[in-house]
Every structure is written in structure tokens, then in C-alpha cells.
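J.: The structure that follows is given in the form of C-alpha cells.
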Amino acid sequence: MKASYDVVIVGGAVIGSAVAYFLASNPDFNGSVLVVERDPTYRYASTSLSSSSIRVQFSNPINVKISQFGSAFIRDFARTMQVAGEAAPDLNFHQGGYLFLANTAEQEQTLRENHEVQRACGADVVLWGQEDLHRAFPHLNVDDIRLASYGQSGEGWFSNTGLMNGFKAKARELGVDYITDEVVAISRAGDRVTGVTLKSGASVQAGAVVNASGPRAALTARMAGLDVPVEPRKRTLFVFDCAKTPEGSATVNGGRLPLMIDPSGVFCRPEGRFFLSGAPPLEDPAVDWDDFEPRWTEFEDQIWPTLAERSPAFEAIKVVNQWAGHYDFNSLDHNLIVGRHPQVTNFVFANGYSGHGLQQGPAAGRGVAELLIYGAYRTLDLTEVGYERILEGRPFLEKAVI
Ligand SMILES: Cc1cc2nc3c(=O)[nH]c(=O)nc-3n(C[C@H](O)[C@H](O)[C@H](O)COP(=O)(O)OP(=O)(O)OC[C@H]3O[C@@H](n4cnc5c(N)ncnc54)[C@H](O)[C@@H]3O)c2cc1C
């Protein structure tokens, strides 16, 4: 580690490593980058505990375009991110699609409006009535469904740690330094951050600091005397086996079940020979940064009854694993906060993804790198998701939040 870096990134999971990669791979950037990561096992990082899915079915065109870039990037990952002497990092992208189900007039209207936005962005999404739905997924009970929206390509699930480790390996190959330590203080001189102090006692000077600390984003911002409305919100995921399918495993209808979002918000998708599922918590307070106790009752109370109603195959299911992770939850508007602080302009936020940070990692990483290198966006303009809206209390509008 050197005494001074052009850019110091706090947090080295998917977002920190994406920023590091996009900086180091840009021919217009000749600077030095340090990534500080307090836990290189990533055991409790949101990235490791994620359900690792990507969709283009959003209501705001910026979110659609962010995920379209993410999807193309993930598809191409093995080629772009190949590190000399190592196997190509295949992310096992399974483009199973998202299937949103609507059973009220209001939900139907929202799906129709969102669909207009998605189609205008060129997304491969179709609207289906009951008959189409029944034809595509005959095992589903859709008697109550008014409309469905299905992503035919560009949506699905992939390896979360693969994405993070791929960014990290490539960033290191391109000269980025990673250290295991914790940023405990950030120094400022007027309107500039000047460096970080580490738990080990070392100090490092910094030309710019990037906050990529996930659910701990507010703690990191506070070290620089700044506020960001990001807090840890607990989400519990359950993996289950499904005994009634022909093979005694999770291949309902030949494995063609997409990531299905029930009107209640309960979701489920194939996960290898099993299924991964979750439910929106009935109560959703901010939790302690170290509280990872699963909310055990969500499966019995919400997930299982909903799924059993939706498909007879899901009547006999058995949980084989569960865990809780933290959403990096933006309490203003549930969307990413990416950009510089308007006064402290060499402090850059890359926070608040609220359940979308994995799929948004490529676009956010590229955007932050452009801000640092050129002082402005060169590809996708992320100004609308910048920090200014936080200061003004002006929410970014996105209706398709899960
Ligand atoms: C249950 C669950 C399901 C999800 N499902 C999806 C999904 O399907 N699709 C999707 O796109 N997203 C999903 N997400 C969200 C996504 O996983 C996160 O938004 C994303 O991983 C955030 O990445 P990050 O790098 O910002 O944060 P993290 O992965 O939490 O990484 C932050 C890192 O910063 C480090 N750090 C923190 N403070 C310091 C410090 N002071 N010094 C040094 N290091 C520090 C931490 O140790 C950590 O490694 C889900 C999240 C959860 C919890």
C-alpha cells in the first residue's frame, strides 16, 4: 500500500470492485486506486446474500437502461473479464425472465404503464392475459390474474459472487490495490476530503473517496461529516425442494418457471434443482448492522400458503436452507444514490440500491468512473439518481419496487 492514492474506495464488494474495474480499465485514467475492505470473506456483504437476479421491468427509463446495460455486461462477462492464466469467469446467466402477476385493476394499470416505458426502451417484455399465461405456464393457477408481464430475454439470475470476484480479479490485474482493513475516519479540509484513517492505524491520502460500503453507507458518509439516508433492512430468503415434480426435484414444467412475482409480492424462482423464494416483510424496520437472524415465520406465514395456492406442485415443499441479508435501503425513495456531493465534490456516493445493487453494479461502476475521470457522464446519464435529490427531498419515482 502506498501513502497516497488518486481514488480510495471504501468497500470492496460488487459496487466497490465495479468502480475499481471501470476506473482501471479506462485508457483515459492513469491514476492509482486503493480498495479498502474490512471483511474479505464477504460473509455478511449484501452481495453474497443476494438473490442475484436482474430485470428490465422497471417503471423509470433510467432503471430500465441501467439493467439493459447490466444484462449485456453479464452476458459478455466471460470474454470481457478474462484474467490472463485463469478460467473465463462464466456467470451462469440463466435468462429465465421475470413474470409479474397483477390481480387488481390498479396493478393491471401499473403493468400496462410500465410496459409502455419498457417497450420504448427496447426491452423484450410482453403482456399476457389469462389464456397466454395458462399456455406458457400450465401448472400455474391464474384464475384471479387480470394481466401478466413477462421478460422474454435479458432477465434472469446469475452468480453474485462471480460478478463481484470477476470485477475484483480484473481490477487487480489492471493494477488496483486491495487491502484488508476498515476505514474508521475520513479527513476533510474545507470542502474536500483529503484521506482516510484505517483501523490498523495507518493513514492514506486520497484525491477522491468513493462510498461503496453497502448497508453501512451512512456510517461512512458520517465520517466525512455528510448524511445519506441508507439503512440496513432485513430480507430473508428460503431455498426449498419440491417433492411432487416428476423428478422429485425443482423442474416444474421442464424447469420453465421464471422468477415469478405474485401480486402479494411473494416471489420464487428456480435455483439449480431447488427454488429460491422470499416475501416482502410485513414490518420493515431498520435493523442493527450485525443482526442477520432470519425471520423464520415468513415462509410458513406468507410464502408457502401463497405458492401452494398458485401451483399444486408447491403444496409439498421442504425448506433446505435460509438466510437473512441486508438491503442497502434508501429510505427516501428506494433507489440508487450515485454521484458526487455537490459541495464536497471529491466524495462520491455509490449507495442505496435497495435490492437492485447487483444488477445495477455494472452501470453504477461505469458511471462513477466517468464522473471521476471526466467530471461528467459520458454514456448513460445518471444525474437523476444523484445526491442532489436527497438534499432537496425530491424522490426519484420508480413504481416497480420489490
Ligand atoms: C436478500 C437480498 C436479496 C437481493 N436480491 C437482489 C437481486 O435479486 N438483484 C439485485 O440486483 N440486487 C439484489 N440485492 C441487492 C444487492 O445484493 C445489493 O444492492 C448489492 O450487493 C450492494 O453491493 P455493495 O457492494 O454496495 O454492498 P455490499 O455487498 O454490502 O458490500 C459493502 C462492502 O463494504 C465493506 N465495508 C463497509 N464499511 C466499510 C469500512 N468502513 N471499511 C472497509 N470496508 C467496509 C463491507 O465489508 C462490504 O464488503 C439483494 C440484497 C439482499 C440482501
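The values are calculated or read from the model by the stated rules, or taken from the named source; none is laboratory data. All figures in this text were calculated on a predicted structure; none of them were measured in a lab. Positions of Cβ are backbone-derived with ideal geometry, glycine not excepted, and every protein chain shown enters the neighbour counts. Side chains are part of the model used for accessible areas, which takes the heavy atoms of the whole protein and leaves out ligands, DNA and RNA. Shrake-Rupley method; radii C 1.70, N 1.55, O 1.52, S 1.80 Å.
J.: If I take R0 = 41 Å and measure r between the Cβ atoms of LEU397 and GLU300 in this structure, what FRET efficiency does the formula 1/(1 + (r/R0)^6) give, to the nearest 0.05?
T.: So, using R0 = 41 Å, E works out to roughly 0.70.
J.: Determine the dipole magnitude for the stretch 258-311: charges of +1 sit on the beta-carbon of Lys and Arg, -1 on that of Asp and Glu, nothing else is charged, the reference point is the Cα centre, and the result goes in debye to the nearest 20. Could the numbers behind the result be given before it?
T.: Details: 4 positive and 12 negative charges, 104 e Å.
Dipole of the stretch 258-311, to the nearest 20 debye: 500 debye.
J.: With a sphere of radius 11 Å drawn around the Cβ of VAL239, what net charge do the other residues whose Cβ falls strictly inside it have (Lys, Arg +1; Asp, Glu -1)?
T.: Here the count lands on +1.
J.: Here is a further query. Charges only on Cβ, +1 for Lys and Arg, -1 for Asp and Glu: so what's the dipole of the chain about the Cα centre, in debye to the nearest 20? Don't skip to the end; give the middle numbers.
T.: Working: 35 positive and 47 negative charges, 192 e Å.
For this selection, approximately 920 debye.
J.: Leaving ligands, DNA and RNA out of it, report the carbon-plus-sulfur percent of the accessible area of the chain at a 1.4 Å probe.
T.: 48 percent
J.: Let me ask another. I want the local charge near GLN130. Using Cβ-Cβ distances under 10 Å, sum +1 for each Lys or Arg and -1 for each Asp or Glu among the other residues.
T.: Cβ neighbours under 10 Å give a net charge of -2.
J.: Rounded to the nearest 0.05, what FRET efficiency is calculated for ASP290 and ASP90 with R0 set to 25 Å and r the Cβ-Cβ distance?
T.: E(calc), rounded to 0.05, equals 0.15.
J.: Quick one: check the C-alpha center-to-center distance for the stretch 353-402 versus the stretch 282-311, whole angstrom.
T.: First find each Cα centre; the distance between them is then 29 Å.
J.: Is there a quick way to get the dipole size of the stretch 23-144? I mean about its Cα centre, with the Cβ of Lys and Arg at +1 and of Asp and Glu at -1; what is the value in debye to the nearest 20?
T.: Dipole of the stretch 23-144, to the nearest 20 debye: 360 debye.
J.: Using 1/(1 + (r/R0)^6) with R0 = 56 angstrom and r between the beta carbons of ASP124 and LEU219, what's the FRET efficiency to the nearest 0.05?
T.: Step by step, r from the Cβ atoms, then E = 0.90.
J.: With each pseudo-label sitting 7 Å past Cα toward Cβ, what's the VAL319-ALA243 distance in nm, one decimal?
T.: 1.7 nm
J.: I need the shape label for the stretch 16-123. Rule: rounded when a/c is under 1.5, else prolate if a/b > b/c, else oblate, with a, b, c from the alpha carbon gyration tensor.
T.: Because a/c hits 1.5 or more and a/b exceeds b/c, the stretch 16-123 counts as prolate.
J.: Also, I was wondering about something else. Running a GNM on the chain with Cα contacts under 10 Å, which residue among GLY325, GLY195, GLY129 ends up with the highest mean-square fluctuation?
T.: Highest fluctuation of the listed residues: GLY129.
J.: Run the simple label-point estimate for ASP144 and GLN107 please: 7 Å along Cα→C-beta, distance reported in nm.
T.: Between ASP144 and GLN107, the label points sit 0.8 nm apart.
J.: Would you please report the Å³ per residue occupied by the convex hull of the alpha carbon atoms in the stretch 308-368?
T.: Per residue, the Cα convex hull of the stretch 308-368 comes to 144 Å³.
J.: Over all distinct Cα pairs, what is the inverse of the mean 1/r for the stretch 300-402, reported as the Kirkwood hydrodynamic radius in Å?
T.: Averaging 1/r across every pair of different Cα atoms and inverting gives 16.2 Å.
J.: Rounded to whole Hz and in sequence order, give me ³J(HN,Hα) for the stretch 300-308 from the Karplus expression 6.51 cos²θ - 1.76 cosθ + 1.60, θ = phi - 60°, writing x for Gly and Pro.
T.: 5, 7, 10, 6, 4, x, 5, 5, 5
J.: Compute the normalised compactness of the stretch 233-326: alpha-carbon radius of gyration over 2.2 N^0.38 Å, N being the residue count.
T.: In units of the globular-protein estimate, the stretch 233-326 measures up at 1.08.
J.: State the three equivalent ellipsoid semi-axes of the chain, derived from the C-alpha gyration tensor as the square roots of 5 times its eigenvalues, in descending order and whole Å.
T.: 37, 21, 20
J.: Helix-only estimate, please: 222 nm mean residue ellipticity of the chain, summing -39500 (n - 2.57) across DSSP H runs of length 4 or more and dividing by its residues, to the nearest 500. Display every interim value, and only then the final one.
T.: Numbers: 11 runs with 108 residues, N = 402.
The helix-only estimate for the chain comes to -8000 deg cm²/dmol at 222 nm.
J.: Right, here's the next one. Considering all alpha-carbon pairs of the stretch 102-216, what whole percent are spaced by more than 25 angstrom?
T.: 56 percent
J.: Most fluctuating residue of LEU226, LEU358, LEU99 in a GNM of the chain with Cα springs under 10 Å: which is it?
T.: Between LEU226, LEU358, LEU99, it is LEU226 that shows the largest mean-square fluctuation.
J.: Another question, if that's okay. Packing-wise, with mean Cβ within 10 Å as the measure, how do 137-149, 82-94, 66-78 rank, highest first?
T.: Details: 137-149: 18.0, 82-94: 14.0, 66-78: 20.7.
The most tightly packed comes first, giving 66-78, 137-149, 82-94.
J.: Follow-up. Taking the solvent-accessible surface of protein heavy atoms with a 1.4 Å probe, what is the per residue accessible area of the chain in Å²?
T.: The answer is 40 Å² per residue.
J.: Could you tell me which of THR306, LEU257, HIS326 has its Cα farthest along the dipole of the stretch 233-326 towards the positive end, charges placed at Cβ (Lys, Arg +1; Asp, Glu -1), taken about the Cα centre?
T.: LEU257
J.: Would you kindly compute the Cα radius of gyration of the stretch 98-152 and its largest Cα-Cα separation (Dmax), both in Å?
T.: 10.9, 32
J.: Which length gain, in nm to one decimal place, applies between GLN152 and ASP191 when the Cα-Cα distance is subtracted from 0.36 nm times their residue separation?
T.: Stretched out fully, the GLN152 to ASP191 stretch lengthens by 9.3 nm.
J.: A follow-up question, please. From the residues VAL210, PHE29, THR110, which one has its Cα farthest along the dipole of the chain in the positive direction, the dipole being from +1 and -1 charges on Cβ of Lys/Arg and Asp/Glu about the Cα centre?
T.: PHE29
J.: Next up: State, as an integer percentage, the relative contact order of the chain based on alpha-carbon contacts under 8 Å between residues 6 or more apart. Each step should come with its number before you reach the end.
T.: Details: 928 pairs, mean separation 91.7, N = 402.
Contact order relative to length: 23 percent.
J.: Follow-up. Considering only ALA136, ALA221, ALA189, give the residue with the highest GNM mean-square fluctuation for the chain, with springs between Cα atoms whenever their separation is below 10 Å.
T.: Looking only at ALA136, ALA221, ALA189, the largest GNM fluctuation is found for ALA189.
J.: Related question: Fully extended, how many nm does the chain gain between ARG378 and LEU332 (0.36 nm per residue separation, minus their Cα-Cα distance)? The partial results should precede the final answer.
T.: Values: separation 46, 0.36 × 46 = 16.56 nm, distance 2.70 nm.
Full-extension gain reported as 13.9 nm.
J.: Pop a pseudo-label 7 angstrom from the Cα along the beta-carbon direction at both ARG135 and ALA3 and give the gap in nm to one decimal.
T.: 7.2 nm
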